[in-house]
Amino acid sequence: MKIVVAIKQVPVRDSQLRIESDQRWIQEDDLGFEINEPDAYALEEALQLKEKHGGEVVALCAGPSRATQTIREALAKGADRAIHIEDDNLRDLDTFGIATLLAGAVKAEKPDLILTGLQSDDLGYGQTGVVLAELLGVPHATIIMQVEVQGGSIQVKRELEGGWFQHIEMPLPAVLTIQSGINKLRYATLMGIKKAKSKEIKSVTPAAAPAATAVLERVYVPQKSKQTQIFEGDAKSAAAKLVEKLKFEVRII
Amino acid sequence: MSGVLVVMEQQAGAWHRMSWETLAAGQQLAEQVGQPLYSAVVGQGVAALAGEAATKKLDKVHAVEHALLKDYTADGFTAALAQLIQAHAPSYVLFPHTYQVRDFAPKLAARFAASLISDVVAFHAGPVFVRQLFQGKLNADIRPAGAGPVFVSVQAGAFRAESLVEGAARVETFAPRLDAAEIRTKPHEPFREAARAVDLGAAELIVSVGRGIKEKDNIPVVEELAKAMGAELAASRPICDNGWLPMERQVGSSGQTVSPKMYMAVGISGAIQHLVGMKGSKTIVAINKDSNAPIFEVADYGIVGDLFEVVPALVEEVKKAKS
């Protein structure tokens with residue numbers, strides 16, 4: 001079974017974000033980057049499916065040159081090879097544009113299954129996988145918590161709202177967007193890191209993509225709508241003030 | 001091309017509550033752009049629901065009816081709504097940002113060579129749509145471009161259903177042409193994992209723990225605070241994903257929705273998936289090391305600091321206050 005996993009590189013979680021002076025994006029110079037967390041789960045699911053059913057895992061990433069590091073990490077974890085759609089100006093595209101580029105690369109690979117995370121931790125549009133399926137003309141399912149391969153088809157467990165789930169069957173090839181927590185992430189081994197150095201990363205120049213229909217015009221810090229009373233001081237005095245409030249005003253102690 | 005079309009969501013004849021919030025957003029957008037307002041209800045046997053929607057102020061309700069729309073499938077809903085949109089050419093199509101909409105609306109938008117402007121919290125003159133980035137840490141203004149229609153999904157709680165204006169609208173049935181062969185997925189009945197032993201919905205006090213706790217061995221730190229306060233222990237999604245606490249203690253869009261007298265979020269940054277599950281709480285307390293964490297957006301009281309110092313101090317103070 002041949003599986004393509006679409007991964008994205010995003011700023012490290014809990015980074016201190018500073019907005020560029022032109023307010024079009026954040027300052028990236030002093031940021032660290034890592035794999036988008038739901039994509040890490042998609043990669044892990046692909047690796048586990050390969051271990052069970054054999055085949056090949058191809059990591060696919062659209063991003064600037066710095067994304068090479070995240071791609072290397074995917075290879076170190078066990079992906080067999082990678083495709084890097086490399087361009088420093090991909091931010092001008094919207095998700096439809098990015099999905100168009102990814103679809104071009106996927107078509108050439110003719111995989112049985114395409115996995116990606118359900119959303120990105122930076123933009124959070126949550127639609128690249130679904131649009132990719134539409135452009136490839138294959139079925140899809142989103143927010144997936146379990147994947148079972150049954151010959152030429154799959155049964156997946158899809159998360160619904162409020163603690164409900166649903167099984168869905170569909171023929172292959174198909175696109176699945178993977179929910180965080182579907183599996184337990186592995187760490188790259190020393191051997192894996194060594195092997196990754198000789199694995200192929202095919203760098204591709206992006207083809208023409210459609211102009212954005214959703215244009216990011218301005219990034220800013222949201223205005224607080226609620227006044228939060230912050231208790232200052234060291235841990236002990238702040239805790240004492242909070243407990244006093246909870247006891248005498250909120251009356252829950 | 002004219003009009004605002006609101007796609008309302010129902011399941012087995014019952015409304016998704018966000019449908020009304022989205023219709024309220026539709027009324028506001030239609031007024032702002034000076035265009036008529038339509039809504040669509042998709043399924044089988046939706047006439048009664050369509051009639052209910054028609055009691056609000058809008059111009060027309062489309063009851064999109066077909067036997068193949070009885071159970072939700074991305075293929076069926078996309079094909080049906082694509083036909084409705086082609087027939088009526090609205091300028092804007094609004095959805096509630098539900099799990100179901102996340103499954104098909106991007107596909108529908110792609111059919112019109114557009115991106116879905118998803119999870120929108122507000123809109124301004126233009127219209128320019130406001131959505132959150134980096135899990136709520138930043139906002140962005142998104143301006144639609146291209147030939148249209150503009151596809152937008154609306155975040156839970158961003159618009160108020162109570163603000164809906166009453167009225168009287170026509171109901172029109174729309175029968176899409178669908179073929180069973182074009183529906184490639186086969187959905188099974190929805191199910192719940194197991195009976196819940198913990199009903200967080202009934203808890204008066206909740207102490208909830210998030211990623212800030214760092215590792216499983218640290219959970220007792222917060223557990224002790226819950227015990228001292230006489231509160232139920234709950235968690236954000238990553239904690240349950242890692243198996244540090246059972247899934248039944250999860251609060252948020254994929255877990256339980258709670259509204260206790262007091263909700264204390266410890267080491268929880270406050271991604272929207274968590275906030276929708278607890279922002280109805282009467283009093284919200286946040287303890288977080290990052291003063292910019294979105295949890296402070298909903299908190300009444302807060303302490304900015306290291307939870308490993310603050311929580312033990314709180315345990316001591318609570319015990320003192322109770323004695």
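What to note about this one:
- For chain A, built as a Gaussian network whose Cα springs stay under 10 Å, the top-fluctuating residue of A:234, A:14, A:122: A:234
- Surface composition of the range B:4-182: carbon and sulfur make up 51 percent of the accessible area, probe 1.4 Å.
- Our Cα-only numbers for the protein assembly as shown put the radius of gyration and Dmax at 23.9, 71 Å.
- Here the Gaussian network model covers chain B, with springs between Cα atoms less than 10 Å apart; of B:294, B:96, B:220, B:220 fluctuates the most.
- In the range B:172-189, burial by the other protein chains removes 20 Å² or more of accessible area from B:184, B:185, B:186, B:187, B:188, compared with the chain on its own (1.4 Å probe, ligands and nucleic acids ignored).
- Antiparallel %, DSSP beta bridges [both residues in chain A], to 5: 40 percent
- Springs between Cα atoms under 10 Å define the GNM used for chain B, and in it the highest mean-square fluctuation of B:223, B:172, B:309 occurs at B:309.
- Of A:157/B:56; B:57/B:107; A:199/B:214; B:186/B:261; A:52/B:70, pairs whose Cα-Cα distance is over 31 Å: A:157/B:56; A:199/B:214; B:186/B:261; A:52/B:70
- Phi to ³J(HN,Hα) by Karplus 6.51 cos²θ - 1.76 cosθ + 1.60 over the range B:247-260, Hz, x for Gly, Pro: 3, 5, 9, 7, 10, x, 4, 9, x, 8, 9, 10, 8, x
- Cα-based Rg of chain B normalised by 2.2 N^0.38 Å, two decimals: 1.12
- Threshold 30 Å², the range A:235-253 residues less accessible with all protein chains present than alone (1.4 Å probe): A:235, A:236, A:239, A:242, A:243, A:246, A:247, A:250, A:252, A:253
- The HN-Hα couplings worked out from phi for the range B:108-123 by the Karplus form 6.51 cos²θ - 1.76 cosθ + 1.60 (θ = phi - 60°) are 4, 4, 4, 5, 9, 6, 10, 8, 7, 7, 9, 6, 7, 9, 6, 9 Hz, whole numbers, x standing for Gly and Pro.
- Alpha carbon centroid spacing (whole Å) that separates the range A:6-74 from the range B:180-249: 27 Å
- Förster radius 22 Å - calculated FRET efficiency between residue A:66 and residue B:145 (Cβ-Cβ, nearest 0.05): 0.20
- Applying a DSSP loop filter and a limit of 12 other Cβ atoms within 10 Å to the GluC sites (Glu not before Pro) in the range A:156-230 leaves A:200.
- Around the amide H of residue B:6, modelled in the peptide plane, lie the amide H atoms of B:38, B:39, B:40, B:94, all under 5 Å away and 5 or more residues distant in sequence or on another chain.
- Cross-link partners of residue B:279 among aspartates and glutamates, defined as those whose alpha carbon lies under 12 angstrom from its own and excluding same-chain residues fewer than eight positions apart: B:297, B:300.
- Using the Cβ-Cβ distance between residue B:175 and residue A:24 with R0 = 51 Å, the FRET efficiency computed as 1/(1 + (r/R0)^6) comes to roughly 0.65.
- Solvent-accessible area per residue for the protein assembly as shown (1.4 angstrom probe, square angstrom): 41 Å²
- FRET E, pair residue B:31, residue B:1, Förster distance 22 Å, beta-carbon r, rounded to 0.05: 0.75
- Based on the reciprocal of the average 1/r between different C-alpha atoms, the Kirkwood radius for the range A:2-204 equals 17.2 Å.
- Contact surface A-B: accessible area buried, both sides summed, square angstrom, 1.4 angstrom probe: 7400 Å²
The values are calculated or read from the model by the stated rules, or taken from the named source; none is laboratory data. Because the structure is a prediction, the values reported are computed rather than measured. Here the Cβ is made from the backbone with ideal geometry for all residues, glycine too, and neighbour counts use every protein chain on show. Areas reflect the complete protein model, heavy atoms only, side chains present, ligands, DNA and RNA absent. Shrake-Rupley method; radii C 1.70, N 1.55, O 1.52, S 1.80 Å.
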